[in-house]
1. Can you confirm whether Arg58 is touching a residue at least 12 places away in the same chain (Cβ under 8 Å), in contact with a strand residue (DSSP E or B) (Cβ under 6 Å, 6 or more places away or on another chain) and not aromatic (Phe, Trp, Tyr)?
2. Output the qualifying pairs, or none if there are none: Cβ atoms under 9 angstrom, residues six or more apart or on different chains, first residue in the stretch 99-122 and more than 15 Å from Val82 (Cβ to Cβ), second residue within 12 Å of the ligand (Cβ to nearest atom) and of a type in the set (Ser, Thr, Tyr).
3. Would you confirm whether any residue within the stretch 27-38 is modelled with pLDDT of 95 or more, within 13 Å of the ligand (Cβ to nearest atom) and either under 19 Å from Ser137 (Cα atoms) or touching a Lys or Arg at 6+ places or on another chain (Cβ under 9 Å) (or both)?
4. When you scan the stretch 19-37, do you find a residue that is among the small types (Gly, Ala, Ser) and part of a loop (DSSP other than H, G, I, E, B), even just one?
5. Of Arg67, Arg98, which residue is among the charged types (D, E, K, R) and exposed (fewer than 11 other Cβ atoms within 10 Å of the Cβ)?
6. Is it fair to say Arg71 is under 25 Å from Phe33 (Cα atoms) and in contact with an Asp or Glu (Cβ under 9 Å, 6 or more places away or on another chain)?
7. Being within 24 Å of Asp35 (Cβ to Cβ), touching a helix residue (DSSP H, G or I) at 6+ places or on another chain (Cβ under 7 Å) and exposed (fewer than 15 other Cβ atoms within 10 Å of the Cβ) narrows it down to one of Asp128, Asp119, so name that one.
Amino acid sequence: MSSNRTRRSAIYPGSFDPITNGHEDIVHRTLDFCDRVIVAVGHRATQQKQGLFTIAERVELIEEVFRGEPRVEVAAFSGLLVDFARERGVHLIVRGLRAVSDFEYEFQMALMNRDLNPDIETLFLAPDARYSYLSASLVREIASLGGDVSEFVPSVVLGRLLNKLSEAS
Ligand code: PNS
């Protein structure tokens, strides 16, 4: 790998359905050592269901969360993550690693992505311990059953989540 390549930009990919405080924490940690983070909303290749928020809504929510932070760009992508990274000229993928249970899937994806494009490196960041058991799917489930998720999502997301769930019911 060449040593003169700039690595100041990172892609932080995910489903973000919706963005949580854990995701936000990972973005801020990335900004400690990167000049720019592209938060990239993608589809899981195996995903059958549409999800709660549309891709456009997820993008909009993330933009609202990082309004006023010019180092964060938000984008949606379909297709391979490595192709999106190549198009953007980014060589670094960041993923949050919450617990050992994440490891197998994340390790598999990182190695597969490296196989697909050896110029792209994956870096794992540990979130704040407060978020180590937090996931967007649990947030959706708890909120849909009437539980309080206000400490797990940014306030803008909380409002949209409650509206969305009341529309659906
Ligand atoms: O938040 P998630 O659901 O764990 O994010 C998964 C995501 C979107 C990062 C992953 O599914 C992905 O990269 N999808 C794009 C398609 C792709 O490149 N698949 C091959 C991965 S090795």
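The values are calculated or read from the model by the stated rules, or taken from the named source; none is laboratory data. All values derive from a computational prediction rather than experimental measurement. A quick note on method: Cβ atoms are made from the backbone with ideal geometry, for glycine too, and the neighbour counts reach across all protein chains shown.
1. Answer is yes for this residue.
2. Partner pairs satisfying both residue conditions: Glu106/Thr122.
3. Scanning the stretch 27-38, I find at least one residue that is modelled with pLDDT of 95 or more, within 13 Å of the ligand (Cβ to nearest atom) and either under 19 Å from Ser137 (Cα atoms) or touching a Lys or Arg at 6+ places or on another chain (Cβ under 9 Å) (or both), so the answer is yes.
4. Within the stretch 19-37, none of the residues are among the small types (Gly, Ala, Ser) and part of a loop (DSSP other than H, G, I, E, B).
5. Criteria check complete, one pass: Arg67.
6. yes
7. Answer to the selection: Asp128.
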